[in-house]
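Peer 1: One structure follows; several queries about it will come next.
The values are calculated or read from the model by the stated rules, or taken from the named source; none is laboratory data. Every value quoted in this text rests on a predicted model; they were computed, and no experiment measured them. Note that each Cβ is placed from the backbone with ideal geometry, even for glycine, and that neighbours are counted across all protein chains shown. Accessible surface is based on the protein model in full, side chains and every heavy atom, while ligands, DNA and RNA are left aside. Shrake-Rupley method; radii C 1.70, N 1.55, O 1.52, S 1.80 Å.
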Amino acid sequence: MANFLLIVVVAMALIFDFVNGFHDAANSIATVVATRVLQPWQAVIWAAFWNFIAFAILPLKVANEIAKIIDSDAVSIGLVFAGLVGAIVWNVVTAFLGLPSSSSHALIGGMVGAGIAKAGVDVVNRDLLQKTAVFIVYSPLLGLLLGFVLIVLVMWLVHRRRSKRRVNRTFRSLQLVSAAAFSLGHGANDAQKTMGIITALLVGANKLDASVLNDPESIPLWIVLSCHTSIALGTMFGGWRIVRTMGTKLTRLQPMGGVCAESAAAGSLFFASFAGIPVSTTHTITGAIVGVGSANRMSAVNWNIARRVVWAWVFTIPGAGIMAMLVYWVVAAVS
């Protein structure tokens, strides 16, 4: 019976990864769709491909960090189940409302909430939680700064030398590269979070040796491939309500702006992946889009939409955590 439940919870983790891809598809394709470089169906296939192959290019340091968010001695099937349900419910609610909240922070919030419900705050890796909380602020600011600097630099370089039509034609082609780079960073950072949860679950169930928590490259290949496949499939189905918010409502982008926003966000994600920092792709791309839009003029950014997005970020970890706590208490009462 325990093995059956273990399989069910691993399957749930992969479903979460699918929902993550579905929910965050907008982050990968919003700018390339908004600038009309690709049709939505073309964009999701392009993004899904780069989501999938990310494991072969970038390190698995984020997975290693997430696997240690809760003390392995406290990790159980019921705890991971509650954490996943809390995160999935939060993602579904925010997707329905068209708000680009962070699937990554929902997962972290869910695991932390379930861990506290089971064994108190002492089982939580406070250093990792603090680092994640700090980058709720830093990742969008980094994306904003890089986006602003890139668009100003590019405008200075090209606008004096080429016509606007020629510039847009050039950047329409370049945006395929920048969209691929961002999708690569998205796949690396986000798929690894689910890898970490599955790894922690199997270590807690004594199906994997605890030494895997100190060597990310020893994570079994089936976990790596299944997580990347799930997030890629989720991306292919996409979340079109969020595409509208990210790609058209927040600010209007031309191909040049799209390239700068995606490049800025991709650079931020590559840095985070190599540093083992579990950041939010949603936060990063939103900051980059705002940075690009505000370089033209401050009124180019819809600050009411930006305000709604920020509030969704603020409430994600505690919101998903509270939901996970309630689920864990129900599971504990039933069992």
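Peer 1: Could you list, ordered by first residue, the pairs with Cβ atoms under 7 Å in which the first is in region 315-330 and assigned to a helix (DSSP H, G or I) and the second is surrounded by fewer than 24 Cβ atoms within 10 Å (Cβ to Cβ) and among the charged types (D, E, K, R), at least 6 apart or interchain?
Peer 2: Final answer for the pair search is 328/118.
Peer 1: Sticking with this structure for a sec: Residues that are under 23 Å from residue 15 (Cβ atoms) and among the aliphatic types (A, V, I, L, M): does region 35-43 have at least one?
Peer 2: No, the conditions are met nowhere in region 35-43.
Peer 1: A follow-up question, please. Can you find a residue in region 157-175 that is within 24 Å of the chain's Cα centre (by Cα) and at pLDDT below 85? Step through it out loud before you land on a result.
Peer 2: Let us first name the residues in region 157-175 that are within 24 Å of the chain's Cα centre (by Cα), namely 174-175.
Checking the rest, the ones that are also at pLDDT below 85 come to 175.
Yes, there is a match, as at least one residue in region 157-175 is within 24 Å of the chain's Cα centre (by Cα) and at pLDDT below 85.
Peer 1: Taking residue 36 as meeting all but one of (1) open to solvent by 10 Å² or more (accessible area, probe 1.4 Å); (2) in a helix (DSSP H, G or I); (3) at pLDDT below 85, write down the number of the exception.
Peer 2: Here residue 36 clears every test but (2).
Peer 1: Would you confirm, using the coordinates I've provided, whether residue 289 is more than 14 Å from residue 90 (Cα to Cα), buried (at least 21 other Cβ atoms within 10 Å of the Cβ) and at pLDDT below 85? Spell out the reasoning first.
Peer 2: Working: more than 14 Å from residue 90 (Cα to Cα): yes; buried (at least 21 other Cβ atoms within 10 Å of the Cβ): yes; at pLDDT below 85: yes.
Spelling it out, residue 289 is indeed more than 14 Å from residue 90 (Cα to Cα), buried (at least 21 other Cβ atoms within 10 Å of the Cβ) and at pLDDT below 85.
Peer 1: Do we find a residue being open to solvent by less than 10 Å² (accessible area, probe 1.4 Å), within 26 Å of residue 86 (Cα to Cα) and modelled with pLDDT of 90 or more anywhere in region 226-245?
Peer 2: The answer is yes; a qualifying residue exists.
Peer 1: Moving on. Just to be sure before I move on: is residue 259 open to solvent by less than 50 Å² (accessible area, probe 1.4 Å) and modelled with pLDDT of 85 or more in the structure I sent?
Peer 2: yes
Peer 1: Moving on to the next point. Enumerate the pairs (first residue in region 273-291 and closer than 15 Å to residue 107 by Cβ; second residue anywhere and among the acidic types (Asp, Glu) and open to solvent by 10 Å² or more (accessible area, probe 1.4 Å)) with beta-carbon separation below 7 Å, excluding pairs fewer than 6 apart on the same chain, so at least 6 apart or on different chains.
Peer 2: 278/65
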